[in-house]
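To start, the structure under review is shown below, and the notes come after it.
The values are calculated or read from the model by the stated rules, or taken from the named source; none is laboratory data. Since the structure is predicted, the reported quantities are computational estimates derived from the model, not experimental observations. Every residue, glycine among them, receives a Cβ derived from its backbone with ideal geometry; neighbour counts consider all protein chains shown. All accessible areas refer to the heavy atoms of the entire protein, side chains included, with ligands and DNA or RNA removed. Shrake-Rupley method; radii C 1.70, N 1.55, O 1.52, S 1.80 Å.
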Amino acid sequence: MSKEYDPRMHTAEHTLSGVLIRRYGCPRCFSTHINANKSKVDFHFPHDLSAEEVKSLVEEVNAALARDLPVVARDMPREEAARRFNLSRLPESAGDTLRIVYIGDPDSPEGPLDACPCIGEHVSHTAECGTFVWVSHEWKPDDGGVLRIRFKLER
């Protein structure tokens, strides 16, 4: 991990992804740049977001972070993970046993907010992230509908 990498930001990115996927049914982000000061994440997304949608998303992400959800990692055979998750962002060198990171209890009746194979570092509970702040976003329809979100965290 680089010296600029921040496990709080990485966990917040998973939380944002979980909220967007649940709300809009969009695919998981295809590109991220996680930095201690400000991060960005790119999604294939069908439309721009209105000011009301942004406000609502920020509220939902912050509500999830404030719930102090556990961040749980469990090993899973690559073959099973390939049936359940998109592995395209994971290097082959990750091995035959993959680490699946869950935001929220994977065994709870409602399930986790987010789950995906991940080799990054995370905090142990979402409340450690602080407050999610939406810095900006842009939607690029000419790039196949790419939504880029920039965010930071405040303590």
Taking placed amide H atoms and a strict 5 Å upper bound, the residues 5 or more places from Val146 or on another chain that come that close are Phe45, Lys140
On the accessible surface of the chain, probed at 1.4 Å with all protein chains in place, carbon and sulfur together account for a percent value of 48
The answer for the chain, accessible area per residue at 1.4 Å probe in Å², is 52
Heavy-atom accessible area with a 1.4 angstrom probe orders Thr126, Thr131, most exposed first, as Thr131, Thr126
Computed over the chain, the relative contact order (Cα-Cα under 8 Å, seq sep at least six) in percent reads 31
Note to self, the chain gives a 222 nm [θ] from helices alone (DSSP H runs n ≥ 4, -39500 (n - 2.57) apiece, / all residues, nearest 500) of -8500 deg cm²/dmol
In the range 68-146, taking the dipole from +1 charges on Lys and Arg beta carbons and -1 charges on Asp and Glu beta carbons about the Cα centre, the listed residue (Ala127, Val146, Pro77) farthest towards the positive end is Pro77
Scoring the range 21-112 by relative contact order with C-alpha pairs under 8 Å, at least six apart, yields a percentage of 22
Computed ³J(HN,Hα) along the range 34-41: with the Karplus parameters 6.51/-1.76/1.60, θ = phi - 60°, integer Hz and x for glycine or proline, the list is 9, 9, 5, 8, 7, 10, 9, 9
So, over other residues within a Cβ distance under 10 Å of Thr11, counting Lys, Arg +1 and Asp, Glu -1, the net charge is -4
In the chain, taking the dipole from +1 charges on Lys and Arg beta carbons and -1 charges on Asp and Glu beta carbons about the Cα centre, the listed residue (Tyr102, Tyr5, Phe43) farthest towards the positive end is Tyr5
Expected max-MSF residue from Glu128, Glu138, Glu80 in the GNM of the chain (alpha carbon, under 10 Å) is Glu80
Cross-link reach from Lys38 to aspartates and glutamates, straight Cα distance under 17 Å and at least 8 residues apart if same chain, gives Glu4, Asp6, Glu13, Glu121, Glu128, Glu138, Glu154
The correct ranking of Tyr24, Tyr102 by accessible area at 1.4 Å, largest first, is Tyr24, Tyr102
With every protein chain kept in place and a 1.4 Å probe, the residues His14, His47 fall, from largest accessible area down, as His47, His14
Label model pair Glu110, Arg89: point-to-point distance (7 angstrom along the Cα→beta-carbon line) in nm is 2.4
Given unit charges at Cβ for Lys, Arg (+) and Asp, Glu (-), the dipole magnitude of the chain about its Cα centre in debye, nearest 20, is 220
